[in-house]
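The values are calculated or read from the model by the stated rules, or taken from the named source; none is laboratory data. Since the model is a prediction, treat every value here as computed from it, not as a measurement. Because the Cβ atoms are built from the backbone with ideal geometry, glycine has one as well, and the counts that use them run over all protein chains shown.
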Amino acid sequence: MPCHGSTRISPGLFSGAQDGPRNNAAATIDAVANRIPDRVAANCRKSPERMAWLEGLPAVVQELERRWGLTPDAPLSDEEPSCSYVEAVRRPDGIPAVLKISMPHMEQEHETDGLRFWNGDPTVRLLESDDNLRAMLLERCQPGTTLRVLDECEQDIVISGLLRRLWRPLPTLHRFRPLSALTEYWSNETLTEVARWPDDGLVREGLRVFKELPYTATRDVLLATDLHAGNVLRAEREPWLVIDPKPFVGDPAYDGTQHLFNCSARLQSHPDRTIRRLADLLDIECERLRLWTFARAAAEPREDWSNREWMDLARAIAP
Ligand SMILES: Nc1ncnc2c1ncn2[C@@H]1O[C@H](COP(=O)(O)OP(=O)(O)OP(=O)(O)O)[C@@H](O)[C@H]1O
Ligand SMILES: [Mg+2]
């Protein structure tokens, strides 16, 4: 995914940012408004629930900075968020951290539970959290450069090493949702777009795979589901740490798909070879990685159904 520019939204969106005597509250509101990337604001305009989240954000940031004794730090220089507010901060002892507050977002719901489960191995550590506010204080990766700086073949090796460490079985009682909840959510969204499907047979075949594949897995582990080079950062404690997991429980073969989609040129020009290489590195069944990749290419919801890239890929690797 490209790094988007960030034109700023007006502080006037937030009540309390009017002209007048400046105080701490107004300063926080201005600072928060100035840090909201354009694409976060654009994502919020899609739903009233997210607009309400955006409007409440300055007060939430102010409350969390007070509660956790945080001081804003120099802005993070690398990629910007799309579904959250992210701010570099320092804890009272001067230790660098990152404050992340997520907008309402189905896939993100168990991010804090996932970070607690993985407990820093190989993710960033969760330092504080408030589940009601969808807020986390995270260990800061420094320098925090993304894995995108390496070429894709080297990325394959780092990503597969991290995924194999992330895939751990869960205790019988846990809070995570099954992977089938994600595929069902996506399938329902895709079904609302039936009039715009470019190839009815192919999309229906993708929906069929979404429905059946979760139930034929031979093992269930905790998945990151969104592990790609943009969510792997250079750190000091380890060479690379994982951020931004969207945990679901299910088939490890699914977890190879997001990195593949982020290597889109290679995936489209040499799908079989690219899928085979990653499956071998992950030590998973190549056929299952191919089927998951097919189902996502054919039937995952998308804004632009006229874009041929993913349908052409789906056709090339269809079962
Ligand atoms: N723990 C961290 N240490 C250093 N930088 C971080 C950390 N967490 C987030 N960032 C920075 O903030 C950016 C966005 O974070 P993150 O990916 O968690 O947000 P997001 O809104 O879920 O993003 P998206 O949905 O676009 O992947 C990262 O690309 C990184 O530059
Ligand atoms: Mg991310």
- State whether one or more residues within region 175-191 are closer than 25 Å to L99 by Cα, in a strand (DSSP E or B) and modelled with pLDDT of 95 or more. no
- Message: Given (1) surrounded by fewer than 20 Cβ atoms within 10 Å (Cβ to Cβ); (2) of a type outside the set (A, V, I, L, M, F, W, C); (3) more than 15 Å from ligand 2 (Cβ to nearest atom), identify the lone condition not met by D156.
- Response: (1)
- Query: So, of the residues in region 192-224 that are among the hydroxyl-bearing types (S, T, Y) and part of a helix (DSSP H, G or I), which turns out to be surrounded by the most Cβ atoms within 10 Å (Cβ to Cβ)?
  - Reply: Y215
- Note on the structure: Reported set for region 230-253 where residues are surrounded by fewer than 23 Cβ atoms within 10 Å (Cβ to Cβ), within 9 Å of ligand 1 (Cβ to nearest atom) and part of a loop (DSSP other than H, G, I, E, B) is A235, K246
- Query: So P178 fits all but one of (1) touching a strand residue (DSSP E or B) at 6+ places or on another chain (Cβ under 7 Å); (2) within 30 Å of R66 (Cα to Cα); what number is the exception?
  - Reply: (2)
- Restricting region 55-98 to residues that are in a helix (DSSP H, G or I) and aliphatic (A, V, I, L, M), the residue that is farthest from R134 (Cα to Cα): A59
- From the options L227, L289, residue that is closer than 27 Å to W118 by Cα, in a helix (DSSP H, G or I) and in contact (Cβ under 8 Å) with a residue 24 or more places away in the chain: L289
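Of these, S102, S129, S82, S160, which one is closer than 28 Å to W68 by Cα, out of contact with any strand residue (DSSP E or B) (no Cβ under 8 Å at 6 or more places or on another chain) and in contact (Cβ under 8 Å) with a residue 12 or more places away in the chain? It would help to see each step written out before you state the result.
On the way: S102 fails: out of contact with any strand residue (DSSP E or B) (no Cβ under 8 Å at 6 or more places or on another chain); S129 fails: out of contact with any strand residue (DSSP E or B) (no Cβ under 8 Å at 6 or more places or on another chain); S160 fails: closer than 28 Å to W68 by Cα.
That would be S82, the only listed residue that is closer than 28 Å to W68 by Cα, out of contact with any strand residue (DSSP E or B) (no Cβ under 8 Å at 6 or more places or on another chain) and in contact (Cβ under 8 Å) with a residue 12 or more places away in the chain.
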